[in-house]
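Participant: Structure incoming, see below.
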Amino acid sequence: KQEVTQIPAALSVPEGENLVLNCSFTDSAIYNLQWFRQDPGKGLTSLLLIQSSQREQTSGRLNASLDKSSGRSTLYIAASQPGDSATYLCAVLIGSGNTGKLIFGQGTTLQVKP
Amino acid sequence: EADIYQTPRYLVIGTGKKITLECSQTMGHDKMYWYQQDPGMELHLIHYSYGVNSTEKGDLSSESTVSRIRTEHFPLTLESARPSHTSQYLCASSATNSYNEQFFGPGTRLTVL
């Protein structure tokens with residue numbers, strides 16, 4: 001059974017710091033991996049999607065890497081800002097592109113202090 | 001603007017009531033999903049649909065039911081709400097030709113007294 005773990009569960013950093021969020025999964029047979037952002041009481045916003053054949057994806061100050069063989073992904077946030085404060089979730093797609101399901105981690109709650 | 005909508009955003013009801021949570025998307029996606037999320041916990045898939053007249057149960061057992069009569073609409077119904085149904089319900093959609101990237105609505109926070 002696929003399990004997704006995110007470490008740390010919570011993180012507090014001063015503004016301007018670069019940081020790394022970690023995600024690990026137990027079964028390397030994934031179709032893709034998606035990073036989301038969730039603000040309190042809100043839905044999820046898709047940040048980055050990495051296909052299983054890719055090593056990384058970048059969007060602005062965000063960079064996500066994927067090492068499928070070791071079951072790990074990282075989300076790198078450069079020059080953090082107070083507006084980055086949110087919960088960050090990673091999810092792996094198992095099955096296939098047409099009939100796959102997302103399995104989520106519990107998330108890392110990030111606080112960026114001004 | 002292409003988007004995914006959920007109504008109501010917040011709902012407080014008494015035990016035994018029948019409720020329907022609405023989800024609509026204007027993104028032209030064929031696949032739609034319902035997730036349940038308790039505070040501080042991960043999302044769990046409770047229902048999904050790959051197209052009109054297609055519905056399947058997810059990994060987490062749920063007493064709710066869904067229907068997919070139109071591509072853009074995927075309502076979730078609880079026939080008799082109980083306090084154990086108190087949770088946040090998130091609807092999502094994806095297109096087959098986009099690596100199954102899922103896009104989420106704002107969620108419905110349900111409280112059953």
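Participant: In a Gaussian network model over chain A where Cα atoms closer than 10 Å are linked, find which of A:SER85, A:SER69, A:SER24 has the largest mean-square fluctuation.
Facilitator: A:SER69
Participant: Highest GNM mean-square fluctuation, chain A, Cα pairs closer than 10 Å: which of A:PRO82, A:PRO40, A:PRO14?
Facilitator: Its mean-square fluctuation being the largest, the pick is A:PRO40.
Participant: Which whole number gives the average, over all residues in A:44-51, of C-beta atoms from other chains lying within 10 Å of the residue C-beta?
Facilitator: On the way: counts 11, 2, 6, 0, 1, 5, 1, 1.
Taking the mean over all residues of the peptide, I get 3.
Participant: In the stretch B:1-80, which trypsin sites (Lys or Arg not before Pro) fall in coil by DSSP and have 16 or fewer other Cβ atoms within 10 Å?
Facilitator: Details: sites: B:ARG9, B:LYS17, B:LYS18, B:LYS31, B:LYS57, B:ARG68, B:ARG70; in loops: B:ARG9, B:LYS17, B:LYS18, B:ARG68.
For trypsin sites (Lys or Arg not before Pro) across the stretch B:1-80 that sit outside H, G, I, E and B with at most 16 neighbouring Cβ atoms in 10 Å, the list reads B:ARG9, B:LYS17, B:LYS18.
Participant: Which trypsin sites (Lys or Arg not before Pro) in the stretch A:1-109 sit in a loop by DSSP (not H, G, I, E or B) and have at most 16 other Cβ atoms within 10 Å of their own Cβ? The partial results should precede the final answer.
Facilitator: Values: sites: A:LYS1, A:ARG37, A:LYS42, A:ARG55, A:ARG61, A:LYS68, A:ARG72, A:LYS101; in loops: A:LYS1, A:LYS42, A:ARG55, A:ARG61.
Filter output for the stretch A:1-109: A:LYS1, A:ARG55, A:ARG61.
Participant: So, counting K/R as plus one and D/E as minus one, what does the shell of residues with Cβ under 11 Å around A:GLU3 add up to? Walk me through the numbers on the way to the answer.
Facilitator: On the way: positive: A:LYS1; negative: A:ASP27, B:GLU42.
Local charge sum for A:GLU3: -1.
Participant: The stretch A:54-90 to the stretch A:1-44: how many Å between their Cα centroids?
Facilitator: Taking the Cα centre of each part, the stretch A:54-90 and the stretch A:1-44 sit 8 Å apart.
Participant: Sort A:VAL92, B:VAL112 by Cβ crowding within 10 Å, fewest neighbours at the top.
Facilitator: By the 10 Å Cβ count, ascending: B:VAL112, A:VAL92.
Participant: Considering Cα pairs under 8 angstrom that are at least six residues apart, work out the relative contact order of chain A and quote it in whole percent.
Facilitator: Values: 295 pairs, mean separation 41.6, N = 114.
Relative contact order of chain A: 37 percent.
Participant: Still on this structure, please answer the following. Select from the stretch B:1-69 those GluC sites (Glu not before Pro) which occupy a DSSP coil region and have at most 13 other Cβ atoms within 10 Å, ordered by residue number. Display every interim value, and only then the final one.
Facilitator: Working: sites: B:GLU1, B:GLU22, B:GLU42, B:GLU56, B:GLU63; in loops: B:GLU1, B:GLU42, B:GLU63.
Hits after loop and neighbour filter: B:GLU1, B:GLU63.
Participant: Once fully extended, how much extra length lies between B:ASP38 and B:LYS18, figured as 0.36 nm per residue of separation less the alpha-carbon to alpha-carbon distance? It would help to have the intermediate numbers written out before the result.
Facilitator: Working: separation 20, 0.36 × 20 = 7.20 nm, distance 2.07 nm.
This chain segment gains 5.1 nm when fully extended.
Participant: Identify which of B:LEU76, B:LEU11, B:LEU90 has the largest mean-square fluctuation in a Gaussian network model of chain B, with springs joining Cα atoms closer than 10 Å.
Facilitator: Answer for the Gaussian network model of chain B: B:LEU11.
Participant: Report the label-to-label distance for A:SER46 and A:LEU11 in nanometres (one decimal), using points 7 Å from each Cα along the Cα→Cβ vector.
Facilitator: 2.3 nm
Participant: Run the numbers on the stretch B:55-113 and let me know its relative contact order in percent, using alpha-carbon pairs under 8 Å that are six or more apart. If you can, show how the numbers build up before the last one.
Facilitator: Details: 67 pairs, mean separation 16.2, N = 59.
Averaging sequence separation for qualifying contacts and normalising by length gives 27 percent for the stretch B:55-113.
Participant: With point charges of +1 on the Cβ of Lys and Arg and -1 on the Cβ of Asp and Glu, referenced to the Cα centre of the protein assembly as shown, which listed residue (A:GLY16, B:GLY14, A:ILE94) lies farthest in the positive direction of the dipole?
Facilitator: Positive-most Cα among the choices belongs to B:GLY14.
Participant: For labels at B:TYR5 and B:THR111 in the simple 7 Å Cα→Cβ model, what's the distance in nm?
Facilitator: Inter-label distance under the simple model: 2.6 nm.
Participant: Turning to a different aspect of this structure: Efficiency by 1/(1 + (r/R0)^6): what FRET value for A:ASP39 and B:SER54, r their Cβ-Cβ distance, R0 = 25 Å, to the nearest 0.05?
Facilitator: On the way: r = 32 Å, r/R0 = 1.27.
For A:ASP39 and B:SER54, the calculated efficiency is 0.20.
Participant: While we're here: To the nearest 20 debye, what is the magnitude of the charge dipole of the protein assembly as shown about its Cα centre, counting +1 on the Cβ of each Lys and Arg and -1 on the Cβ of each Asp and Glu? Display every interim value, and only then the final one.
Facilitator: Values: 18 positive and 20 negative charges, 60 e Å.
In debye, rounded to 20, the protein assembly as shown gives about 280.
No value in this document is a laboratory result; all are computed from the given coordinates. Just so we're clear, the structure is a prediction, and the values are computed from it rather than from any experiment. No Cβ is skipped: glycine too gets one built from the backbone with ideal geometry, and neighbour counts run over all protein chains shown.
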